[in-house]
Structures are given as structure tokens and as C-alpha cells.
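Heads up: the structure comes next, in C-alpha cells.
Every read-out reported here was derived from the displayed coordinates using simple, explicitly stated rules and does not represent laboratory data. Source: prediction; values computed, not measured. Don't worry about glycine lacking a Cβ; one is built from the backbone with ideal geometry, like all the others, and counts go over all protein chains shown.
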Amino acid sequence: MKDKSIRLLLPGIVFSLVAFAVKIAFLGEMARQTRFGLKELLMAFVYPYDNPFREMWFLITLFIFFLLTPIWQEALKKGWSKWGLLVILIALHFIQPESKLFSIDRVCNQAVWFYSGVLLSKGKYIEERIVKYPWLTMIMGVVIYVIGYYTNSFVTTIGGITFSFGFALLADKYWPMLLFTFRNYTYQIFLMGIFAQIIIKILYRHYPMPYVLAYLVCIIAGIYVPVLVSKIIEKININPLSLCVGLKTK
């Protein structure tokens with residue numbers, strides 16, 4: 001838990017403070033206005049989705065999932081409890097409480113996907129089925145997604161996950177360098193990408209450019225500005241600084 005606190009909560013706190021600073025500095029440019037004070041700071045962590053850095057909800061939710069590790073481990077010991085917990089989490093997905101305190105609503109909504117990942121990683125289904133049939137897996141993902149589009153978002157998500165498995169396996173086989181330039185910095189892209197995109201959006205408002213160009217620049221900046229910052233921090237090699245942006249230290 002110490003490791004997860006450092007990896008998840010510390011960057012969450014750091015970038016929440018950065019978000020406060022950015023929103024106050026560019027107050028008139030922000031869709032969601034904010035003030036900075038002790039109360040606002042406390043509420044930002046008690047109600048993560050109302051945090052100036054709204055993505056903080058995901059870090060809190062992920063941290064809670066790791067707190068629940070003993071439950072996942074206990075459930076996996078027996079077949080009836082393993083699948084019974086999955087049924088319970090599917091039910092929670094649909095009848096989740098509306099409480100936004102510590103993102104409890106999102107914890108209930110997302111737990112089924114986290115636990116499903118645990119189930120897949122502990123079994124041999126990926127090695128025995130998915131890896132052998134990547135094209136079929138990707139096509140199945142598309143079919144399930146389309147069915148979900150006309151039925152329920154839960155099914156749509158299953159389709160998206162299935163498609164992603166197939167696509168990733170095919171990319172690994174035919175184009176293994178596809179994600180090479182940023183694959184080791186996806187967490188940093190999550191933490192810093194939004195801030196790079198905010199700057200691009202502000203520039204777009206004041207210095208108009210073709211929308212398609214601005215859109216592409218926004219995507220590129222959201223990916224590669226965090227990669228550049230991360231590489232600079234790695235070069236500086238100061239452990240506390242690296243931890244603040246979610247980089248692993250030696």
C-alpha cells in the first residue's frame with residue numbers, strides 16, 4: 001500500500017495542485033471555474049470528480065481497488081466464490097450508489113472491469129484462446145460493440161475491450177514498434193497530457209488556425225509533451241521529482 005500510495009496518490013496530489021494553479025492563472029479561459037482555499041483543497045480529494053484535475057477520480061478508484069486486494073485474493077481460492085463475486089460486481093455496476101464521496105459511485109461502476117482483468121490474468125484463457133486467434137478476437141470485438149451500440153453500454157465496453165485485445169496482439173505481431181515512442185510513459189501522458197492540451201486550446205481561441213490542424217496538434221501535444229518532460233526529469237535523476245510525476249525510480 002505504501003508503494004501504491006506513492007505511485008497513485010502522490011502524483012494525484014501534485015497534479016491537483018498544478019490544476020488549481022492553471023485554472024486560477026487562466027481563470028477566464030476555463031469551462032469549470034475554481035477558487036483556491038483550504039476548503040476547496042480538502043473537497044478536491046474528498047470528492048475527486050469535482051477536483052480541478054477531474055481525472056483524479058481514476059487514481060482514487062484504482063487505489064481503492066488495490067485496497068480491496070485481500071477480497072480479490074480470497075474470492076479466487078474457490079470456483080463458486082470466484083464467479084459469485086463477478087456476478088455481484090456486475091450487479092453493482094447497474095445498481096451503483098450515487099455517492100460521489102471518494103468516488104464510491106465510480107468504484108462500484110468500474111470494479112467489474114478491474115476484477116475481470118484479475119480473473120483473466122490468473123487464468124489461461126488469454127494464452128489458450130485470445131493469443132491464438134487475434135483476428136477473430138478483433139472481429140468479435142467489433143460485433144459485440146455494434147450489438148452494444150443498439151442495446152447497452154455494458155456490452156459496448158465488453159466489445160471495446162475485446163477489440164483492444166485483438167488489435168494489440170496484431171500490432172505486436174505485424175507492427176511491434178507502433179507504440180514504441182511513448183509506450184513507457186502512458187501514466188505520465190495520463191497525468192500531464194491534459195495540461196498540454198489546455199495550452200493548445202487557449203492558443204487556438206486567441207490565434208485561430210484550421211480546426212483539423214489544431215485537433216492534430218492537441219493530440220500530439222497531449223502525447224509527446226509528457227514524454228519530453230518525463231525524459232528531462234529522468235535525465236535530472238532526482239528521485240522525489242520523479243515520484244511526483246509517477247516515474248519509477250531505481
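Couple of notes before you dig in:
- Qualifying trypsin sites (Lys or Arg not before Pro) for region 109-162 [loop in DSSP, other Cβ within 10 Å: at most 11]: K124, K132
- Taken as Cα centroids, region 30-79 and region 217-250 sit 22 Å apart, rounded to the nearest whole angstrom.
- For the chain, the relative contact order comes to 16 percent (Cα pairs under 8 Å, sequence separation of at least 6).
- Our helix-only sum for the chain, with -39,500 (n - 2.57) per DSSP H run of n ≥ 4 divided by its residues, gives a mean residue ellipticity at 222 nm of -22500 deg cm²/dmol.
- Overall dimensions of region 2-123, expressed as equivalent-ellipsoid semi-axes from the Cα gyration tensor (√(5λ), whole Å, largest first), are 34, 15, 11.
- Beyond 28 Å in Cα-Cα separation lie the following of the pairs K23/K231; K2/K132; K122/K248; K124/K173; K78/K100; K77/K248: K2/K132; K78/K100; K77/K248.
- Label assignment, semi-axes √(5λ) of the Cα gyration tensor in Å derived from the structure, set (i) 25, 22, 20; (ii) 33, 24, 16; (iii) 33, 25, 20: (iii)
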